[in-house]
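A.B. asks: Quick one: the structure is below, and I'll ask about it shortly.
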Amino acid sequence: MNDSNRPRRRRGFFAAVAAAAALPLLIASCSREAPQAKFNATDITGVDWGRGFELTDHNGRRRTLEEFRGKVVMLFFGYTSCPDACPLALAEMAEAVRRLGREGARVQGLFVTVDPQRDTPRVLASYVPVFHPAFLGLRGTPDETERVTKEFRIHYRADKAHGSHEGHYMVDHSTGILVFDARGGPRLYISQNGRSVERIVEDLERLLAS
């Protein structure tokens, strides 16, 4: 063997080892997914609930979640006699849509009543659009209401035993806003705690840009 070739072969050997060692890092770098957008709200991407609904809107038309694909959807469960949490949430949702300007047309606000006994289509029609003309009130039969609240993990309970008189009672219910992306997938849960219009707008902008 020619001794003069040994340093050259040695250098080639070490170069090959270095390249082999770097290969897994290179593959990992190439295959790594783009970093997920960080949201102000709780990210619920990938949950196995909140898959859909079939309810009647305040105009008497049957609606499904799939109909709104192509838009980001904000979904809130409440009732029109609610003294505080419901009007606050709808007002925040409406203001967030307005602040988005033209992009607001790509966001749909939905209000599902957990009090179908009192929230007739007529009542919903005179309540929900006051906050935003494009928002829809949705209603189901008692059985449909039970199914949809279970599907979307919403707690509610009518406290009729402590009503001041017949027909006047409070309904205890979840107060978070659920947000779905343009493909209809559940993405965010916006808790009432620490919620603000500014933070909602930021999250909607991130979803609209994705």
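A.B. asks: Does Ala158 satisfy being in the same structural domain as Val112 (by TED's automatic domain parsing), among the aliphatic types (A, V, I, L, M) and modelled with pLDDT under 95?
C.D. replies: Yes; evaluated as a whole, the condition is true for this residue.
A.B. asks: Let me ask something else. Take the residues of segment 162-191 that are of a type in the set (Asp, Glu) and farther than 26 Å from Glu66 by Cβ: which is modelled with the lowest pLDDT?
C.D. replies: Glu166
A.B. asks: Only one of (1) in contact with a strand residue (DSSP E or B) (Cβ under 7 Å, 6 or more places away or on another chain); (2) among the acidic types (Asp, Glu); (3) closer than 21 Å to Ala85 by Cβ is not met by Glu95, so which one is it?
C.D. replies: (1)
A.B. asks: Within segment 98-210, which strands (runs of 3 or more DSSP E) (wholly inside it) include 1 or more residues that are under 14 Å from the mean Cα position of the chain (by Cα) and either in contact (Cβ under 8 Å) with a residue 60 or more places away in the chain or surrounded by fewer than 18 Cβ atoms within 10 Å (Cβ to Cβ) (or both)?
C.D. replies: Per the criteria, 107-113, 177-180, 186-190.
The values are calculated or read from the model by the stated rules, or taken from the named source; none is laboratory data. Model, not experiment: these values are computed from the prediction. Don't worry about glycine lacking a Cβ; one is built from the backbone with ideal geometry, like all the others, and counts go over all protein chains shown.
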